[in-house]
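Asker: This is the structure I have questions about; it appears just below.
Readers should treat all values here as calculations from the given coordinates under stated rules, not as data from a laboratory. All values derive from a computational prediction rather than experimental measurement. A quick note on method: Cβ atoms are made from the backbone with ideal geometry, for glycine too, and the neighbour counts reach across all protein chains shown.
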Amino acid sequence: MKIGITADVNLTETPIINLKLAHFAPKPLVDVLVKNDVVPVILPILPGKLAKASLAGLDGLIIPGGHDIAAEFLHENPSLELGPTYSPRDAFEFPVVKAAAEQHLPLLGICRGAQVINAALGGTIYQDLPSKYEGDGLLQHSQRTKGNLPTHEVKIDPTSQLGKDLGPTAFVNSRHHQAVKEVAPSLKAVAQAPDGVIEAIENDDASVQAVQWHPENLWQSSPQQERLFTAFIDRIKGGLLNG
């Protein structure tokens, strides 16, 4: 089985020429796939016209975390609070999400990945939760503690596939200031933080599923969080067996 991972990009200053704008995938994400006998395939940031071709031979696709989505892909002007962006990644991931959905290729989003999936499929995004969120009692969603430590609870719809896999609650980490606002027409919200911020989305058959937290940094110490990945793999296997 082969699962694609769309690459992030190194925007840090470096004197090493081959690390400038280098494409990479999070090692813990690669590790959890390898542990479960999956071959990870890192998709470099390509022109959007190659999005469909990049999916050839894959059994599933993961859109991981990373920088903010550029405002132009949200059909908005950039707010003062917008963080670093890299529009070539957006220009690849938006069509690759649409192509995966059209092909019914199992799709999993993580943090930024949840936002990209929702926006690409017709939903909207908060450019910055602290300044744009309409609700009360907003939590610290961009945690100051170490990124591999959980900081707040989420409540999960027990009737959703995520709820069946993880149970009604999860204690998660939180490293974001953008988030899902209006859910895309083909998706539904299936988990929320105590302040009402949407923490997970999926479609009716969970061939598309995405979470706002970073399970790749939690699975080593949390069987529940590893289950998020193994359940995704199991759904792919079920499709392969039934296909």
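Asker: Note the count of lysine pairs whose C-alpha atoms are less than 23 angstrom apart in segment 101-243, limited to pairs 8 or more residues apart or on different chains.
Answerer: 9
Asker: With the chain treated as a Gaussian network of Cα nodes joined by springs under 10 Å, which of Lys35, Lys98, Lys181 yields the largest mean-square fluctuation?
Answerer: Answer for the Gaussian network model of the chain: Lys35.
Asker: Rounded to the nearest 500, what is the 222 nm mean residue ellipticity of the chain from helices alone, with -39500 (n - 2.57) per DSSP H run of 4+ residues and division by all residues?
Answerer: Taking each H run of at least 4 residues, the total per residue is -8500 deg cm²/dmol.
Asker: Now for a different question. Once you list every other residue whose beta carbon is under 11 Å from the beta carbon of Phe73, what net charge do they have if Lys and Arg are +1 and Asp and Glu are -1?
Answerer: The answer is -4.
Asker: Could you estimate the translational diffusion coefficient of segment 121-243 from the Stokes-Einstein equation, with Rh from the Kirkwood formula over C-alpha pairs, at 4 °C and 1.567 mPa s, in whole µm²/s?
Answerer: For these conditions, the coefficient is 86 µm²/s.
Asker: In whole Å, what is the distance between the alpha-carbon centres of segment 18-32 and segment 56-121?
Answerer: Comparing the Cα centres of segment 18-32 and segment 56-121, I get a distance of 17 Å.
Asker: Can you give me the Cα centroid spacing of segment 122-167 and segment 213-239 in angstrom?
Answerer: Taking the Cα centre of segment 213-239 as reference, the centre of segment 122-167 is 18 Å away.
Asker: Suppose the chain between Gln140 and Met1 were pulled fully straight at 0.36 nm per residue; how much longer would it get relative to their current alpha carbon spacing?
Answerer: Length gained, Gln140 through Met1: 46.3 nm.
Asker: In whole Hz, what ³J(HN,Hα) sequence does segment 36-45 give by Karplus (6.51, -1.76, 1.60; θ = phi - 60°), x for Gly and Pro?
Answerer: Going residue by residue, I get 9, 6, 9, 8, x, 10, 7, 8, x, 6 Hz, with x marking Gly and Pro.
Asker: Taking H placed 1.01 Å from N in the peptide plane, check which residues at least 5 places from Ile62 or on another chain put their amide H under 5 Å from its amide H.
Answerer: The list, which skips near neighbours in sequence, is Gly4, Ile5, Thr6, Leu108.
Asker: Give me the extension gain from Arg175 to Leu21: residue separation times 0.36 nm, minus the current Cα-Cα distance, reported in nm with one decimal.
Answerer: Gain on extension, Arg175 to Leu21, equals 53.2 nm.
Asker: Further question: Under a plain spin-label model, where a point goes 7 Å from the Cα along Cα-to-Cβ, how far apart in nm are Thr159 and Glu13?
Answerer: In this crude label model, Thr159 to Glu13 measures out at 5.5 nm.
Asker: Along its three principal axes, how long is segment 140-183 when you only count alpha carbons? Whole Å, largest extent first please.
Answerer: 32, 25, 12
Asker: What's the ranking of 131-137, 12-18 by average number of surrounding C-beta atoms within 10 Å, highest first?
Answerer: In decreasing order of mean packing, 131-137, 12-18 become 131-137, 12-18.
Asker: Further, regarding this structure: Taking the alpha-carbon distance from Lys52 and a cut-off under 20 Å, which aspartates and glutamates remain once sequence neighbours fewer than 8 residues away in the same chain are dropped?
Answerer: Asp8, Asp90, Glu93, Glu102
Asker: With a sphere of radius 10 Å drawn around the Cβ of Ala231, what net charge do the other residues whose Cβ falls strictly inside it have (Lys, Arg +1; Asp, Glu -1)?
Answerer: In short, 0.
Asker: Another question, then. Treat every Asp and Glu Cβ in the chain as -1 and every Lys and Arg Cβ as +1, leave all other atoms uncharged, and give the resulting dipole magnitude about the Cα centre to the nearest 20 debye.
Answerer: That gives the chain a dipole magnitude of about 580 debye.
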